[in-house]
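See below for the structure under consideration.
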Amino acid sequence: MAQPKVNLNRMVDTLKAAGESSRFRILVLLSRGDLTVSDLTSILNQSQPRVSRHLKLLLEAGLIGRYQEGSWAFFRLSDNDAAREFVLGLVGRVDAADPQVLRDMERLEAVKRKNRERAAEYFSANAAQWDQLRALHVPDHAVEAALLKLAGGTPFNAMLDLGTGTGRLLEIFAPWCTGAPSASTCRARCCPSRAPTSTRPASRTPRCGRAMSMRRRSTVTPSTS
């Protein structure tokens, strides 16, 4: 597929945005996943205003995107295919054994580990009242009605619930699917210990597992229909 062309000044501005050490490090980090300003300040060991300035320039150049989750602002590589391919092309040429890259990756893993631990502590502390806490933000009935509408109202073979809370999704979709495994990072939130299953056929009883123990494997079979 032919790449879209840009004018000379735009290309120079884009290269200037990417061609600074801290901003390029940010691009390398975002190629590994979405991060907040707080995450990046910890990894780069720079002040919040300085990191925010770097992010602003990368946003203006169209190399990254920003989205909101609650009170948190997350940054990621641009959704624009050309911009993303451009960034990944640059990042892919960096030696993964470079000392600075290695330090950044170590700090990135430390930040992710800390975030996982903090999330697990929060969910463990609030598992018993998770349904009530969730209802404070969006009415459950509205969300569930919208999800059932999206499902189309026809039976399906299987669904997988990955870390979405108490397993309520498995409960509302149980009448429509024949198999519904779930995987969560917090055992206290898993559905079988909380959702009523006495009126559900055994084949439709959710099966709970640990998300962090799941191994990646290819299970997709191309359709022949």
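The values are calculated or read from the model by the stated rules, or taken from the named source; none is laboratory data. Since we're looking at a predicted model, the values are computed, not measured. Every residue, glycine as well, gets a Cβ built from its backbone with ideal geometry; the counts of neighbours run over all protein chains shown. Side chains are part of the model used for accessible areas, which takes the heavy atoms of the whole protein and leaves out ligands, DNA and RNA. Shrake-Rupley method; radii C 1.70, N 1.55, O 1.52, S 1.80 Å.
The listed peptides 66-76, 104-114, ordered by packing as a protection proxy, come out as 104-114, 66-76 (highest mean of other Cβ atoms within 10 Å first).
Computed packing ranks the peptides 53-61, 150-158 as 53-61, 150-158, most packed first, by mean other Cβ atoms within 10 Å.
Couplings 3J(HN,Hα) for the stretch 26-40, derived from phi with the Karplus relation 6.51 cos²θ - 1.76 cosθ + 1.60 (θ = phi - 60°), are 4, 4, 4, 5, 5, 5, 9, x, 6, 9, 9, 4, 4, 4, 5 Hz, where x marks Gly and Pro.
Give me the percent of the accessible area of the stretch 9-53 that comes from carbon and sulfur atoms, probe 1.4 Å, all protein chains in place. For the stretch 9-53, the apolar C and S fraction of the accessible surface comes to 46 percent.
Our coupling estimate for the stretch 94-103, obtained by passing each phi through the Karplus curve with A = 6.51, B = -1.76, C = 1.60 and θ = phi - 60°, is 7, 5, 5, 8, 4, x, 5, 5, 4, 5 Hz, Gly and Pro reported as x. One way to sum up the overall shape of the stretch 1-92 is the equivalent ellipsoid from its Cα gyration tensor, whose semi-axes run 23, 14, 12 Å, largest first. Sorting the segments 18-27, 140-149 by their residues' average number of neighbouring beta-carbon atoms within 10 angstrom, most packed first, yields 18-27, 140-149.
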